[in-house]
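> Here it is, the structure, as structure tokens.
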Amino acid sequence: MTLVKAGVVVLDCAEPEKLAAFYGELLDGEQTLASANLVQLRGADGFLIAFRRDVNATPPSWPRPENSLQVHLEFMVDDLDEVERRIVSLGGRPIETRDAVGPNEERGYSDPSGHSFTVRLTPPTSPKQG
């Protein structure tokens, strides 16, 4: 018998409504819960993420060591350049956009509240032809 039915990633931030708007647009998500201190979204693929009000929240400092990595999100994408334009247009900022070669190509960003996340190129599902 499964005891845990579902999980939700919860990010602490000073303004959950604003951060929910950023991720709602990025994930093509819909708001499933809202209160004075919590906003929850369900992404188009079913991913659950919530934002909890913490007026004392401080952004992580990654990659600097002080107050470094508090949580790390990773999203799979088909087009790194297209998603980068989308992230920046929504108020996110690049923190590591090296152009690695191979199936694990990835880029790092921070959301408007300073939480870091990575977008990783979805590896091809079929063998290369030719």
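The values are calculated or read from the model by the stated rules, or taken from the named source; none is laboratory data. Values in this document were obtained by computation on a predicted structure and should not be read as measured data. So basically every Cβ, Gly included, is an ideal-geometry build from the backbone, and we count neighbours across all protein chains shown. To get the accessible areas, we keep the full protein, side chains included, count just its heavy atoms, and leave off ligands, DNA and RNA. Shrake-Rupley method; radii C 1.70, N 1.55, O 1.52, S 1.80 Å.
> Taking the range 21-38 only, how many residues are within 15 Å of Val10 (Cβ to Cβ) and part of a strand (DSSP E or B)?
Count: 5.
> Restricting to the range 24-43, count the residues that are closer than 22 Å to Thr118 by Cβ and out of contact with any strand residue (DSSP E or B) (no Cβ under 6 Å at 6 or more places or on another chain).
5
> Something else: If Arg98 satisfies every condition in (1) modelled with pLDDT under 85; (2) open to solvent by less than 40 Å² (accessible area, probe 1.4 Å); (3) of a type in the set (Lys, Arg) but one, which is the exception?
The single condition Arg98 does not satisfy is (2).
> Limited to the range 101-120, what total is found for residues that are open to solvent by 40 Å² or more (accessible area, probe 1.4 Å), modelled with pLDDT of 70 or more and either assigned to a loop (DSSP other than H, G, I, E, B) or of a type in the set (Val, Ile, Thr) (or both)?
1
> Now for a separate question. Scan the range 39-91 for residues that are modelled with pLDDT under 90, of a type in the set (Phe, Trp, Tyr) and not in a loop (DSSP other than H, G, I, E, B) and jot them down.
Once the filter is applied, which keeps residues that are modelled with pLDDT under 90, of a type in the set (Phe, Trp, Tyr) and not in a loop (DSSP other than H, G, I, E, B), the range 39-91 yields only Phe75.
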